[in-house]
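In what follows, a single structure is set out as structure tokens and then discussed.
The values are calculated or read from the model by the stated rules, or taken from the named source; none is laboratory data. As the structure is a prediction and not an experimental result, all values here were calculated from the model. So basically every Cβ, Gly included, is an ideal-geometry build from the backbone, and we count neighbours across all protein chains shown. Side chains are part of the model used for accessible areas, which takes the heavy atoms of the whole protein and leaves out ligands, DNA and RNA. Shrake-Rupley method; radii C 1.70, N 1.55, O 1.52, S 1.80 Å.
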Amino acid sequence: MSSDSATAAHGGHHDDHSPSLYSLSRWLFSTNHKDIGTLYLVFALFAGLIGFAFSGLMRAELFETGFQVFEDGQQYNVITTMHGLIMIFFMVMPALIGGFGNWFVPLMIGAPDMAMPRMNNISFWLLPASFALLMLSMFVPAQATGDATGFGGGWVLYPPLSGTVGHGGVAMDLVIFSLHVAGISSILGAINFIVTILNMRAPGMTLHKMPLFAWSVLITAFLLVLALPVLAGALTMLLTDRNFGSKFFVPAGGGDPIMFQHLFWFFGHPEVYIMILPGFGIISQIVSTFSRKPVFGYLAMAYAMVAIGFIGFIVWAHHMYTVGMGVELKAYFVAATMVIAVPTGVKIFSWIATMWGGSIDFTVPMLWAIGFIFLFTVGGVTGVVLANAGVDYSLHDTYYVVAHFHYVLSLGAVFTLFAGWYYWYEKMFGVKYNGMIAGAHFWLTFIGSNVIFFPQHFLGLQGMPRRYVDYTPAFEYWHQWSTYGYYIVAVGTGIFLIGIIESMVRHRKAEANPWGEGATTLEWTLSSPPPFHQYNDLPRIR
Amino acid sequence: MGSKIFKLVGLSAIISSLASAYAAVPVEGGLGFQPPATELAQEVHDFHNLLLWIIGFITLFVTVLLIWVMVRYNRRANPVPKTFSHNTPIEIAWTVIPVLILAVIAFRSFPLLFKQEEIPNVAESEIVDVKTYGRQWYWSYIYGSGDDEIYFDSNMIQDAELQPGQVAKLSVNNPMVVPAGKYIRLSVTASDVIHAWTIPAFAVKVDAVPGRLNQIWFKVDEPGVFYGQCSELCGINHAFMPIEVRVLPQDQYETWLERVSESTAAGNEYLQTVQPLAAQVASAE
């Protein structure tokens, strides 16, 4: 068994001395999964704050009719585009997969490190390069002529708006390069997770005994490996259309802009599950820990994620009901899309059943987890509404869609992220956070994000289109509510940052297992923070 | 804020007193769809209302379960956790019942979808063909073909030039005009980037894609004024290329068609005479 050889390799030397925190080479050349996980988390925090600031600019602009923050629609479009790309590729994915995945997959499956530590290093360090390209794109020409800068064609990058017709300048080329590099980073990371999980589980840890978080990362990694190459292909075709005279998406040359949409969403829909599946895993761990009860229906939970991942690949065109597809094709996508509600329902009910009969501790991570279950339900049911093409005609590209995907991502994926953050904070950083501060962070975020996004359902039903820098005065009322909600979340985010600083300054000594007998996964058997190299003797799972 | 709420209640009263067919605009503080102007839009609204009941019930159900477990199974109320982790009947139930609910939804969803998609098989005399191009950043409308072709561009009215009765960001200089009671077959395409044509009150939306001709249909029974906005990101002025549709009685439509074939201005002048916007607002107040 490969795990035996791993024992031999690591049993030889007992190097538990971690290098200095202030050593540059520790971070630049890191091959340690925990250090790389920390790098991912710090990076995601940094990028997330930029993305969050961008959404603040948008909310300030939309507070009233007319132009407040931006001079024209282009600037606004650039900021919305960057907000989307940053939050997806540089915040949620690095935090959930790169951050928590790197930190806890090896710890949970009883592995000394990731299977390919050097590849792990390059996976991370490609990301800052990619992010730099994206940021740079905001300051270079949008068009071949004129003063406008940045790419303002939305995160979906639809040609011809992303082609030479819409954005003839170098900004879009930088966006393409940025996403290529981010894609390579994710594919390498995903390969590493798959190899690690399939080969390096501790003796006795069969797949069917593996914690659900490891399951979720395994499934996510498969989705990444299958979906990202399709995006890379579409982006490359776009690149050659723009620069080398190919006509893949140019109608005048026999190409088809809709083809890009099919390719994009073949990646894009699995992408939304890539963002939420690791969160599902985290919620399962947390709900089980604080209910002090094993996960209800463990196998159903694991295979519900497999089912969601599979179905996620065959529903992409529900993003494209208005492009002019055949009605039978639409009918298929309606049916397939609604089917996703079934495994998702299994997960929601199984989490509740895990709590049922339990002895629940309302710790901070548990608050985030319960908040997530509620908000994800709200976001999920509006997804069922949108799945019906007949109704979607009225809601497509309106604020109803904005509300829907922010409920499942901004209030879904992000809530799982904070749940994981507070669940593992002590384990990762070796200090305790202040529960009062963390609780305030939760309540402000919970209330504020509902105030932001719930009224957006009303705006969408009334017909307010997405990606509008300005609007007819009738929409002002709910937009103002939405902006007030943002301010509440902004205060919460400030408190979140204060909480980090407070915990570092006070430096309250962490416990190996602060959560008691409910925390049964392997990471709680180690010290907090864990030794630089763990499992010199591999744990045995009964 | 209080006065604002009064204002919006007042405003919605005004709008509803306009008779739902006469004008469909977004309402300040509005919670639901704009009033439907076509039979199909009514069906969409009915179906959406059914969905709203279903999803409302599901959300309420999950919320009640969450509150129940939090109250009943917290550490104080239940110090010793149970150890079960399986219950086959309930797992089957929460798989099968959602499937049944989805089947109910599908039962309503598919007929509606097919009805929306398929242009009814009626005599050609019942059909009026209109073409539209989405362009950066306005719409062009085309009636007829060959020598009889009528063509005009439809640009948003700037805020400074708004006339009484016109709506900021929604009114245009040359609206699209169609007759009441006829099947309107609209062909939609674009000349530069992708746009999308929509009128919320008709519950239709279709992308205008360069190199591709999309078709939708609608039939408005009562004359009125309807607004929509470009619904696919198309660049710097995406927010400023609205859609205005004027529905006239058949005879007035025919006169408008004659006038507009002389000149766009003549057509517009006639339109303002038979369907003046200022008068509507006056009569509403």
Whichever residue in segment B:65-77 is surrounded by fewer than 17 Cβ atoms within 10 Å (Cβ to Cβ) and facing another protein chain (nearest Cβ under 7 Å) and, among such residues, is nearest to A:G371 (Cα to Cα): B:M70
Find the residue count for segment A:42-76, including only residues that are assigned to a helix (DSSP H, G or I) and aromatic (F, W, Y). 5
Hey, B:Q158 within 23 Å of B:G181 (Cα to Cα) and within 14 Å of chain A (Cβ to nearest Cβ) or not: no
Residues located in segment A:154-165, provided they are in contact with a Gly (Cβ under 6 Å, 6 or more places away or on another chain) and within 16 Å of A:M237 (Cβ to Cβ): A:P160, A:L161, A:S162
Screening B:V167, B:V177, B:V188 for residues that are more than 22 Å from A:A474 (Cα to Cα), within 9 Å of another protein chain (Cβ to nearest Cβ) and either surrounded by fewer than 21 Cβ atoms within 10 Å (Cβ to Cβ) or among the aliphatic types (A, V, I, L, M) (or both) leaves only B:V188
Take segment A:308-340 and flag every residue that is modelled with pLDDT of 95 or more, open to solvent by 20 Å² or more (accessible area, probe 1.4 Å) and either on the phi > 0 side of the Ramachandran plot or of a type in the set (G, A, S) (or both). A:A335
Inspect all residues belonging to segment B:143-155 and state whether any of them is open to solvent by less than 20 Å² (accessible area, probe 1.4 Å), touching a residue at least 12 places away in the same chain (Cβ under 8 Å) and in contact with a helix residue (DSSP H, G or I) (Cβ under 6 Å, 6 or more places away or on another chain). yes
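Every residue, every condition in (1) of a type in the set (A, V, I, L, M); (2) away from chain B (no Cβ under 13 Å), yes or no:
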residue	(1), (2)
A:G390	no, no
A:V414	yes, yes
A:L417	yes, yes
A:G420	no, yes
A:K432	no, yes
A:F442	no, yes
B:P36: under 25 Å from B:Y183 (Cα atoms) and either open to solvent by less than 70 Å² (accessible area, probe 1.4 Å) or modelled with pLDDT of 95 or more (or both), yes or no? yes
Any residue at all in segment B:245-262 that's within 13 Å of chain A (Cβ to nearest Cβ) and either closer than 20 Å to B:I157 by Cβ or among the small types (G, A, S) (or both)? no
Residue check, A:S178 against (1) over 24 Å from the mean Cα position of the chain (by Cα); (2) of a type in the set (S, T, N, Q); (3) surrounded by 19 or more Cβ atoms within 10 Å (Cβ to Cβ), all met but one. Which one? (1)
So A:F349, is it assigned to a loop (DSSP other than H, G, I, E, B), open to solvent by 10 Å² or more (accessible area, probe 1.4 Å), facing another protein chain (nearest Cβ under 10 Å) and at pLDDT 95 or above: no
With under 30 Å from A:F333 (Cβ atoms), open to solvent by 10 Å² or more (accessible area, probe 1.4 Å) and at pLDDT 95 or above as the only criterion, which of A:V401, A:V385, A:V364, A:V391 stands out? A:V401
